[in-house]
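Report on the structure given below.
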Amino acid sequence: MGLIEAVYIYNERNNAIVTHTFTARPPPATTVLPLYLAHSEPRPSCIYLTATNPPTLLFSMLQDGLLFLGPCSTDTEPLVVLEFLHRVADALEEFLGAPLLASKLEANYDVIAQVLGEMCDGGLIGGTEANALRDVVDTPTWMGRLLGGVGLPGTSPALGPSQTPFSGMGSGGSGSLTPTLSTAGSQIPWRRNNVRHTSNEMYVDIVETLSVTYAPSGRPLAAFANGSIAFTSKVSGVPDLLLSLRAGSGPGAEKVKRTMERPVFHPCVRLARWRDHAELSFVPPDGRFVLAGYDVDLLDPSASPLSAKAQDLNLPASIEIKTGLGATGSDFEVRLTVSHRFYTGSTGASSSSGIGSAAASSLSNNLGARPSTLRGNSGEAKAPALEDLTVSIPISSFVRNISDLRATKGEAHWSPGDTAIEWKISAKEAAAISSAGCVLRCSVVGESEDDEMGTSLSNGMKASTYDYDDDYQTDTPKPKSSSNNTANNAAGDKKKTRQNAVLMPGSASLSFGVKGWLASGLKVDSLVIDTKRSKGLGEGVRPYKGVKYLTVSRKGIEVRC
């Protein structure tokens, strides 16, 4: 297995702001960057550089405008290096705050050096969990920096509440770490020691991203939902939690397993409990983290509750595109329809799409506040809210102009040079859309519109020639018959129709967000604290629990034509 040789971080101007070498002699940051930029976009995350000596594998990652590069001259597992780069970015966000900015990195080189030194030693990956790094990385506050400047020890977040700000520290100032700190890691690798919170609370956020493709006939070719379960834990001590899920209205663990295909879990999840009961039993890290991820095949009737028929997914919004309209086929229109069950504001059946009916008495999905309680709140749930409706229509590069751009609802925008028409409908306007939907219609103008004039004019002169004595002919020209004019017009219209067919869009995509509804039908059934396994929580403490559901489509619904 290969080693992590170095990590290079570049700012938006491609200047190296962090260079940290772990082992060997990797190519310097100024050498690998031009070789990386020589590849055309989109650049792959793994590039084989033959121009270096020895040849090097270059792994890359972009986050918040910063470029992370990791060179490796030996045989290694690509996913290991790429995952390490992602862990480095997550750890820096934990210590410096999100988003990662070049100015933050430049002002905290001491913290970055400690983080990278703990995460990798001699090329071997060490502790990468942000909570565990909190116990061994010293992040001096402004008081610590002041005391360190006058030769006094500062403070460290690794110190427990029972320690004084100056106990357990050496005489080297705020940047020194004693051996007791480096060996005082938590028994649970992903959780800090001595976690204390004045208000104990837990939040569950389930987010699903839609990816649906429709054929020109309207039949769905592929329909998937990629979900992630984000968990926020602000609980003192070491809580042991049990999260139960429900898939639609069907009970049982097998239904949940069929819905959540290819699941991935945080290391804190006990896999045996998942295999046997499809429940998530875990000791959470402190703070916010991704508990699990999964995929859902929406065309599988046994896994998706959207529709009994695979032909009708019954999504919150849908689009239909028609091209080649008008006398010469220069017009096209896009029709948007929405499902008004997301605007009724009722609580009965419509709210059950956001929360399980079995858990409705204990789970109020009040999306206006942060977030609904999972314990004993009798408030009624709001209907799922559809918002941020945007239709994007890619435009061919042969289109010279778009005329008569008109929409019955919302605002549509296109400027010369844009690659797509953006049609945005606000939530208020979407609520007023009738069952017939709203329409965007426009006409395309291509370069072929002036072809006939271009052939007849050359430098301002007529391209056709005639004899001088033609002006002196006494014979008057015979008028063309009306049948010939009709035939010529028909031939011209067919030619324009063929030319405009090339200018028609080939697809349209839809973006939206729905609060309080999941495409997979997953719901949080219960969130229970195992008091026998938990430690340090305190008697009689009942943490506040909340849940949120969100489904988004970032140009994920594509309709081809």
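The values are calculated or read from the model by the stated rules, or taken from the named source; none is laboratory data. No experiment lies behind these values; they were computed from the predicted model shown. As a convention, Cβ positions derive from the backbone with ideal geometry for all residues, glycine included, and neighbour counts pool all protein chains shown.
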On the basis of being part of a strand (DSSP E or B) and either at pLDDT below 85 or farther than 18 Å from residue 235 by Cβ (or both), does residue 221 make the cut? yes
Inside the range 402-425, can you point out the residues that are polar (S, T, N, Q) and touching a residue at least 24 places away in the same chain (Cβ under 8 Å)? 403, 408, 419
Kindly indicate whether any position in the range 236-248 is closer than 30 Å to residue 320 by Cβ, surrounded by 15 or more Cβ atoms within 10 Å (Cβ to Cβ), among the hydrophobic types (A, V, I, L, M, F, W, C) and modelled with pLDDT of 90 or more. no
Selection status of residue 30, under 30 Å from residue 191 (Cα atoms) and without any contact (Cβ under 8 Å) to a residue 60 or more places away in the chain: no
Tally time: how many residues in the range 188-226 are hydroxyl-bearing (Ser, Thr, Tyr) and within 20 Å of residue 334 (Cα to Cα)? 4
Only residues that are of a type outside the set (Val, Ile, Thr), part of a loop (DSSP other than H, G, I, E, B) and surrounded by fewer than 17 Cβ atoms within 10 Å (Cβ to Cβ): list them for the range 1-23, please. 1, 2, 12, 13, 14, 15
Residue count for the range 386-440, restricted to those that are part of a strand (DSSP E or B), closer than 17 Å to residue 334 by Cα and not hydrophobic (A, V, I, L, M, F, W, C): 10
Can you tell me which residue among 213, 232, 209 is under 21 Å from the mean Cα position of the chain (by Cα), over 29 Å from residue 557 (Cα atoms) and of a type outside the set (D, E, K, R)? 232
Residue 446 - would you say it is surrounded by 18 or more Cβ atoms within 10 Å (Cβ to Cβ), touching a helix residue (DSSP H, G or I) at 6+ places or on another chain (Cβ under 6 Å) and modelled with pLDDT under 80? yes
